[in-house]
């Protein structure tokens, strides 16, 4: 659904929930959830939601933040900061702090996973040894 007339300025284009869902390969329900969380603020045309270029950008940033593993509250904080007229340095500092925190958390998880994988490898090796010792050896007859 393109409500706005064709214009050179793509910021005038609007989108339906179906168009955004298809473009970003998510469900309309997910988009409504992001709306409930305050990440999107579509206009209404009767019962239909009409999403602006701003909403599309916010959705794109939300999905990018989720791929980075950020919580929706963190994504909202960042997206809201980028729309404020404040100094860009403050926004970048906040973003770097969030990424640093997330990196530390992921590195801890990676350490835990590597330890668990090493333990699994030891158990597998031990089980194979016990299994080999328990199986009767087949003799080869000439």
Tilt of helix 88-134 relative to the longest C-alpha principal axis of the chain, in degrees (0 to 90, nearest 10)?
20 degrees
The chain, Gaussian network, Cα under 10 Å: of 102, 53, 123, the residue fluctuating most is 123
Helix 72-83: angle to the longest alpha-carbon principal axis of the chain, degrees 0 to 90, nearest 10?
40 degrees
Applying 1/(1 + (r/R0)^6) with R0 = 41 Å to the Cβ-Cβ distance of residue 19 and residue 113, what FRET efficiency is obtained, to the nearest 0.05?
0.60
Can you list, largest first and rounded to whole Å, the semi-axes you get for segment 85-142 by taking the square root of 5 times each eigenvalue of its Cα gyration tensor?
56, 10, 5
Taking 25 Å as R0, compute the FRET efficiency from the Cβ-Cβ separation of residue 90 and residue 36 and round it to 0.05.
0.35
Could you state the angle between the C-alpha long axis of helix 53-67 and the longest principal axis of the C-alpha atoms of the chain, as a value from 0 to 90 degrees rounded to the nearest 10?
20 degrees
Relative contact order (percent) for segment 26-67, with alpha-carbon contacts under 8 angstrom and 6 or more residues of separation?
30 percent
Set the Förster radius R0 to 25 Å, insert the Cβ-Cβ distance between residue 29 and residue 82 as r into 1/(1 + (r/R0)^6), and round the FRET efficiency to 0.05.
0.45
Taking Cα pairs closer than 8 Å and at least 6 residues apart, the relative contact order of segment 30-142 in percent is 13 percent
Can you give the percent of C-alpha pairs in the chain whose distance is more than 20 Å?
64 percent
Protection proxy ranking, peptides 15-25, 37-47, average beta carbon neighbours within 10 Å, highest first:
15-25, 37-47
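Bear in mind these aren't lab numbers, they're just calculated from the coordinates by the rules spelled out. Just so we're clear, the structure is a prediction, and the values are computed from it rather than from any experiment. Please note: Cβ atoms are built from the backbone with ideal geometry, for glycine as well, and neighbour counts cover all protein chains shown.
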